1. Scan around G267 for amide H atoms under 5 Å from its own, H built in the peptide plane at 1.01 Å from N, and keep only partners 5 or more places away or cross-chain.
2. Taking the number of other C-beta atoms within 10 Å as the exposure measure, put H280, H26 in order starting with the fewest.
3. Scan the chain and report its longest stretch carrying no chymotrypsin sites (Phe, Trp or Tyr not before Pro) that are both in a DSSP loop and have at most 11 other Cβ atoms within 10 Å.
4. Placing one identical point scatterer on every Cα of the range 105-191 and ignoring solvent, what is log10 I(q)/I(0) from the Debye formula at q = 0.16, 0.22 Å⁻¹?
5. Please compute the volume of the convex hull spanned by the alpha-carbon atoms of the range 123-274 and report it per residue in Å³.
6. Under 23 Å between alpha carbons, and skipping anything fewer than 8 positions from K22 in its own chain: which lysines qualify?
7. At 7 Å along the Cα-to-beta-carbon direction for both D97 and K165, put a label point, then send me their distance in nm to one decimal.
8. Of all the stretches in the chain, which is the longest one without any exposed loop site, taking GluC sites (Glu not before Pro) in a DSSP loop (any state but H, G, I, E, B) with at most 10 other Cβ atoms within 10 Å?
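No lab work stands behind these numbers, since they all come straight from the coordinates. Small disclaimer: the values here were computed from a predicted structure and weren't measured. Cβ placement follows ideal geometry from the backbone for every residue including glycine, while neighbour counts extend to all protein chains displayed.
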Amino acid sequence: MSESIEHLVVNTLVYSQDFTRKVLPHLKSEYFEDQNNKIIFEEVSKYFVAYDNLPTKEALSIEVENRKDLTESNFKDVQVLLNNMNEEPHESEWLVDTTEKWCRDRAIYIALLESIQIADGNDEKKSRDAIPSILSNALGVSFDNSVGHDYFDQADDRFAFYHRKEDKIPFDLEFFNKITKGGLPNKTLNVALAGTGVGKSLFMCHCAASNITLGKNVLYITMEMAEEKIAERIDANLLNVDCRQLDKLPKVMFDSKIQKVHNKTKGRLIVKEYPTASAHVGHFKALLQELAIKKSFIPDIIYIDYLNICASARYKGAIVNSYTYVKAIAEELRGLAVESDVPIISATQTTRSGYGSSDVDLTDTSESFGLPATADFMFALISTEELEEMNQIMVKQLKNRYNDPTMNKRFTLGLDRNKMRLYDCKEQGDITDSNQTDDKDDVIPLPDMSSKFIDFKI
């Protein structure tokens, strides 16, 4: 089967310029099992790159004859194959799709062989940590033929883009919807900055719970706490039960509350734990592929708790400074967001000077200023003794690609640590900026949080 497909691919490369322009950038010599097909492909590729045109069979014959790596027997076999080639009509889209699938199948096969070599210790240059990335790259093989946006020719497309209704994942918090113009767009990296114990994980767990109630599929990757502890926090939020009381909840009541949540939403939650500093984007890509195959689960949003304790796929085992390393992790996570077409929410630590401070800025980002340079949206979660007494937490915008970051630069949220929940504060006190606005034109309608959990009471 593979041989007939690769022969069809090579034959069409010789006769169809349109097909060649579409598929040639994605073909590799190693995909070809038949040596004769491989030789013809290599010569077509070299000729097309050099002259921007298809070679004739006569030109191919001369180029093959000039090769120094072929025996007389090899040359004769290739010549026979060339002579037997004829132009065959095929449906263009089918042929491109079939070629793409063949390339992916060959890439996966080659990746599996390479992984086995690594696993057996027969590759001195690569460790076993490279295997997930190798397999993920093979699974991701696809034909992307876009060469960019033509400013004048695609003006209509651009106009439509300006007037489209962007698909966003909204918050259940009024001011977060204001400052993001209705929620988080896909293909973005969003980062919360906070000190230890301030509320990074609480914020992400609350938002994850809210996403579930909106019918969204949520993937929560944790490298700080166990899977069960993250699920416990989301239970407290969704079931309206104090974290400290969950173990005292009768089984029949727990089951009833879970079922009521399940009945009210189509959203799903997967929590995956990795050891601290052991997992990188390659592992996350492999996980996404596995979830799609085994559980038919494709996330709408991904949480990574948290960025600083991820590993970098780019600098495995390398000695680099913290700026370079953390920036690399941020870039890799944003790349994952783009590739997966979802928003990613993560967090980072403040520096020692930022911890416990009533005001935090970008210079308080732990380890790397390269992180805010990469993030689309970044904000600080600030806790003081005064705020804790009022059961509140302050939010300060640090970077915002979705809106003017000087509007509603600071605001407070209500905080219920026992139920892992955040809520809107009607009174913002004296912390609001002079340009704080109450304009609701940019926000989507918010749910009534007072009744969000009423149906769960037994």
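1. The list, which skips near neighbours in sequence, is G215, K216.
2. Working: H280 24, H26 18.
In order of increasing Cβ crowding within 10 Å: H26, H280.
3. Working: sites that count: Y151, F152.
No qualifying site falls inside 153-458, the longest such stretch.
4. The computed values of log10 I(q)/I(0) come out as -0.83, -1.02.
5. Working: hull volume 34.4 nm³, N = 152.
Dividing the Cα hull volume of the range 123-274 by its residue count gives 226 Å³.
6. The qualifying lysines are K38, K46, K57, K101.
7. Output for this residue pair reads 3.0 nm.
8. Details: sites that count: E87, E91, E124, E427.
The longest such stretch corresponds to 125-426.
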